[in-house]
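The values are calculated or read from the model by the stated rules, or taken from the named source; none is laboratory data. Computed from a prediction, not measured in an experiment: that's the story for all the values here. Don't worry about glycine lacking a Cβ; one is built from the backbone with ideal geometry, like all the others, and counts go over all protein chains shown. These accessible areas exclude ligands, DNA and RNA; they are computed on the full protein's heavy atoms, side chains included. Shrake-Rupley method; radii C 1.70, N 1.55, O 1.52, S 1.80 Å.
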Amino acid sequence: MNAPVENSLSEAGLSAAGAAGFLHRYEGLRARLPGIGLPWLAALRDRAAEAFRAQGFPTRRVEAWKYTDLAPLTQTGFGEPLTPVESALPLPRHAAPKRVVFVDGRFSAELSDADVPVRSLARHLPELEGRLGALARTDDLPLVALNTALFEDGALIELGPDEDGGVVELLSVTRADRPVTAHPRHLVRLAEGARLVLIERSWGHGESRYLHSPVFEVEVAAGAHITHARIQQEASAGLHLSTVFARVAEGGTYDSFLLHVGAKLSRSEAHVALVGPKAAAHLNGAQLLGDGQHGDCTTFLDHAAPDCPSRQTVKTVLAGRSRGVFQGKIHVHQVAQRTDGYQMNQALLLSDQAEIDSKPQLEIYADDVKCSHGATVGELDENQLFYLRARGIPAAVARSMLIEAFLQEAIEGVTEESARAALSEAVAGWWERNAA
Amino acid sequence: MLKIEGLTAEIDGKEILKGIDLEVPQGEVHAIMGPNGSGKSTLSYVLAGREGYEITGGTASFNGHDLLAMEPEERAATGLFLAFQYPVELPGVGNANFLRTALNAQRRSKGEPELDAMQFLKTARARMKELSMPEDMLKRGVNVGFSGGEKKRNEVLQMALLQPRVAILDETDSGLDIDALKIVADGVNAMRGPDFSAVVITHYQRLLDYIVPDRVHVLMGGRIVQTGGPELAKQLEASGYGSVQAA
Ligand SMILES: Nc1ncnc2c1ncn2[C@@H]1O[C@H](COP(=O)(O)OP(=O)(O)O)[C@@H](O)[C@H]1O
Ligand SMILES: [Mg+2]
């Protein structure tokens, strides 16, 4: 299986496929990784590499990976991204007036706007002891372990008490002219009462298979509020495996919306802990998958304090031979009385060959809680289609109207105007590609 | 002219329309009356092009265009309009967006320029005022949370905006109080003219007091069993459909 990869190793600088290839790269790169001179960080990286060695890439025998097969990842040999970044790199339009750009996991000052409250993580590592890695678990999450071992850079956003960070776009571009991997590590810390709208987009250029595997650690202090719109628009052969950890203190809000429209294979995991009373989480999302695409939205929500509301509506639209996955686990701890949890997963199948796997999981240890969940799977409603067509609306337009309507409920929940507009635009782009 | 000849249709192998013959010349309004289950809605769906019906025989044309060979949207573009007996709810589709998309789709197919949002709103508001519809109905999802009467008025609003050349109104009067009934009738009467014809399906004579038809047809058991002038409707009101069956 590895023969062709091994053969091209020397010319293209690719490593062997599978976990061994990544570990080999870690050994080769280690001395040059940012912050390796900091003992705490070197130890963090080494422990993570060891955790990854012990676990390897997850297989479908692992419960949490039952529906998502990482074969496209484990069977590919990857190489290092090239440097430096050409400033001529074509980029998508701004989704917010201010944006920072990361190329292949590295901050690009040239492509980024000035006066954005985002810094390059790599340049501030000495300040981050005890903060970096405070939320991200590596012992049972091999992709997070891999990220911790290999990250070179990422966004560092730290807002002081009551500071308003405004709307910031974080654009991650991967140049996919060769099979490269990028493992950016982003750290977002909102002090008490701070506010931020973060529009995070993942974008790819080129035809090659590549891996973009970011990890976010998001600290939301008491009364702080973050809107995190995540737009995955990777290139068509891309692999996107992202993990977000968020911890929300009393009265704070982590309000996220995840949109999967690109990539060959994508999985976004969110691990959100509500640790103070009245902390809130919105883990909404939509997946729009066309022929040959696989999208997986997996969430773990920890209600660890009383009086916390959580809302989760995830909608998946599947065309052609595509596969969608939704896994949503809600854990209500014994202290989390008066939890108000809502989870809804809905899928719209546009083809006979599409498949959706849905796994809600509620674990409730408190007695006074309100937790509801539901799932629906359906096709476009023939009566609705006919009604639109009977008014002279062509069938293709009628279908797109109904698909948009299906998504509307999910996107409407995004109160931040710029985030909602960026999401709508990504949805429209998907529809144009899949209309036929 | 709407011309139907020997039209037969079945659903799931069960014959519902058993040979319909009907001619509605341009400029005329005809009523179809008949008891529940006689095939009135089936006829209107078949003419509008809904799936699920097997047309086993006969023809239906409008101004020489073979309706049965066209997609539903093409039928609409030639000027056919069906006011649904049970208007469909479209959650998540705004009524304004729906109306404008429909109107512009038809304008495009006629080679007319599309209306922008402002032009559309102006037109829509004027029509809504005539139909005593509150303006916020534009903002709501299509028919979502509308009362029965609001749904029917929304159908008439669509007709008023789309300006069809032949309208089939399938029990647009049912569930309306007398005031709403008058408003709906005014909406239809306002469209009457040499280039507009209508088929008004009802099983109450009441509506026909306000929309006076040129001809009245009685549909029973999938066939038109009797045709007459407006007085036929009054006669049916008095003696019921039993007398027709006996005839
Ligand atoms: N989808 C359907 N499947 C099976 N039978 C149907 C269906 N729709 C209508 N029918 C039958 O066709 C007949 C005519 O119905 P319809 O056209 O709705 O009558 P009307 O509008 O005159 O009350 C009835 O016997 C009804 O039960
Ligand atoms: Mg009927």
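Of all residues in the stretch A:267-288, those satisfying the criterion of being under 12 Å from A:Val218 (Cβ atoms) and either open to solvent by less than 10 Å² (accessible area, probe 1.4 Å) or of a type outside the set (A, V, I, L, M, F, W, C) (or both) are A:His271, A:Val272, A:Ala281. Checked against the criterion of being of a type outside the set (A, V, I, L, M, F, W, C), within 24 Å of the chain's Cα centre (by Cα) and at pLDDT 95 or above, the candidates A:Glu412, A:Glu355, A:Glu404 yield just one match: A:Glu355.
Do the conditions hold for A:Leu385, that is, is it more than 29 Å from A:Glu169 (Cα to Cα), crowded, with 17+ Cβ neighbours inside 10 Å and modelled with pLDDT of 90 or more?
On the way: more than 29 Å from A:Glu169 (Cα to Cα): yes; crowded, with 17+ Cβ neighbours inside 10 Å: yes; modelled with pLDDT of 90 or more: yes.
Answer is yes for this residue.
Within the stretch A:137-160, if we keep just the residues that are over 25 Å from A:Arg201 (Cβ atoms) and either among the hydroxyl-bearing types (Ser, Thr, Tyr) or free of Cβ contacts under 8 Å to residues at least 60 places away in the same chain (or both), the residue that is surrounded by the fewest Cβ atoms within 10 Å (Cβ to Cβ) turns out to be A:Gly160. Restricted to the stretch A:327-436, the set of helices (runs of 4 or more DSSP H) holding at least 2 residues that are within 14 Å of chain B (Cβ to nearest Cβ) and β-branched (Val, Ile, Thr) comprises A:395-412. In the stretch A:96-110, is there at least one residue being of a type in the set (Asp, Glu) and over 30 Å from A:Leu159 (Cα atoms)? No: zero hits. When every residue of the stretch B:56-73 is checked against the conditions, none turns out to be near ligand 1 (Cβ under 10 Å from one of its atoms) and more than 17 Å from B:Leu169 (Cβ to Cβ).
Which ones in the stretch A:102-130 are part of a loop (DSSP other than H, G, I, E, B) and open to solvent by less than 50 Å² (accessible area, probe 1.4 Å)? A:Asp104, A:Gly105, A:Leu111, A:Ser112, A:Val116, A:Pro117, A:Val118, listed by residue number. Counting only helices (runs of 4 or more DSSP H) wholly contained in the stretch B:184-247, the ones carrying 1 or more residues that are in contact with a helix residue (DSSP H, G or I) (Cβ under 7 Å, 6 or more places away or on another chain) and surrounded by 22 or more Cβ atoms within 10 Å (Cβ to Cβ) occupy B:206-210, B:230-239.
Could you look through the stretch B:43-66, keep only residues that are closer than 30 Å to B:Gly240 by Cα and open to solvent by 20 Å² or more (accessible area, probe 1.4 Å), and pick out the one that is farthest from the other protein chains (Cβ to nearest Cβ)?
Applying the first criterion (closer than 30 Å to B:Gly240 by Cα) to the stretch B:43-66 yields B:43-48, B:53, B:58, B:60.
Imposing the further condition that a residue be open to solvent by 20 Å² or more (accessible area, probe 1.4 Å) reduces the set to B:45, B:53, B:58.
Details: B:Tyr45: 8, B:Tyr53: 11, B:Gly58: 21 Å.
Ranking the qualifying residues of the stretch B:43-66, first place goes to B:Gly58.
Within the stretch B:1-30, no residue that is hydrophobic (A, V, I, L, M, F, W, C) sits with its Cβ atom under 6 Å from a residue that is within 16 Å of ligand 1 (Cβ to nearest atom) and modelled with pLDDT under 95 at 6+ positions apart or across chains.
Note on the stretch B:27-42: residues that are open to solvent by 50 Å² or more (accessible area, probe 1.4 Å) and more than 9 Å from ligand 1 (Cβ to nearest atom) total 1.
Could we say that A:Ala134 is touching a strand residue (DSSP E or B) at 6+ places or on another chain (Cβ under 8 Å), surrounded by fewer than 24 Cβ atoms within 10 Å (Cβ to Cβ) and not polar (S, T, N, Q) here?
Details: touching a strand residue (DSSP E or B) at 6+ places or on another chain (Cβ under 8 Å): yes; surrounded by fewer than 24 Cβ atoms within 10 Å (Cβ to Cβ): yes; not polar (S, T, N, Q): yes.
Yes; evaluated as a whole, the condition is true for this residue.
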